[in-house]
Amino acid sequence: MPTVGTSSSGQFSCATTDQRTLRDLRIKRKGQPVFVLGHLVDRKGQEAVFEVFNDRLAVVKFSDGTMIGYDPFELLLPTDIDQEGTAYFEIRTCRLCEQLFPLTGDECDAPEEPTSCFECRAT
């Protein structure tokens, strides 16, 4: 499998105001925890880790060892990763467009959580 654009060094990324999906990240790191929105109903809403790019798809690995390719836009970043490396996902449904979106750490800790996704708030 090609490994262009991936790195196994450094820290994993969490959702920020301008980076909420795997597609948003400039450098994708092998092992990056992601939340799958994807096209397969039996895998939707599961957590996985990014492995590598295969053509234009991000190949992710699930806890049972299954590897499936997804559009990086379908893979949400975690809200937080603790010191032991456990990823926490705070995923909400946008009240305007009904798409799932991850909260950032700041949004999660705010007195009032956002009720719409970043794209709907920007318009």
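Tell me, please, whether a residue that is β-branched (Val, Ile, Thr), part of a loop (DSSP other than H, G, I, E, B), modelled with pLDDT of 95 or more and out of contact with any Cys (no Cβ under 6 Å at 6 or more places or on another chain) can be found in segment 91-103.
No, segment 91-103 contains no residue that is β-branched (Val, Ile, Thr), part of a loop (DSSP other than H, G, I, E, B), modelled with pLDDT of 95 or more and out of contact with any Cys (no Cβ under 6 Å at 6 or more places or on another chain).
Select from segment 101-117 the residues that are of a type outside the set (D, E, K, R) and either touching a Leu at 6+ places or on another chain (Cβ under 6 Å) or surrounded by 18 or more Cβ atoms within 10 Å (Cβ to Cβ) (or both) and list them in ascending order.
Phe101, Pro102, Leu103, Thr104, Ser116, Cys117
So how many residues does segment 55-80 have that are assigned to a loop (DSSP other than H, G, I, E, B) and among the small types (Gly, Ala, Ser)?
2
Pairs needed: first member in segment 43-66, among the acidic types (Asp, Glu); second member anywhere, open to solvent by 40 Å² or more (accessible area, probe 1.4 Å) and part of a strand (DSSP E or B); C-beta distance under 6 Å; at least 6 residues apart or different chains.
Correct list of pairs: Glu51/Lys61.
Going through segment 61-98 one residue at a time, which ones are of a type in the set (A, V, I, L, M, F, W, C), over 15 Å from the mean Cα position of the chain (by Cα) and within 15 Å of Glu113 (Cβ to Cβ)?
Result: Cys94, Leu96.
So, in segment 1-26, of the ones that are at pLDDT below 90, within 21 Å of Gln83 (Cα to Cα) and part of a loop (DSSP other than H, G, I, E, B), which residue ends up most open to solvent (accessible area, probe 1.4 Å)?
So the residue we want is Gln11.
The values are calculated or read from the model by the stated rules, or taken from the named source; none is laboratory data. Fair warning: this is a prediction, and the values are worked out from it, not measured in the lab. With ideal geometry, Cβ positions are generated from the backbone for all residues, glycine too; neighbour counts draw on all protein chains shown. Just the protein is used for accessible areas: all its heavy atoms, side chains included, with ligands, DNA and RNA removed. Shrake-Rupley method; radii C 1.70, N 1.55, O 1.52, S 1.80 Å.
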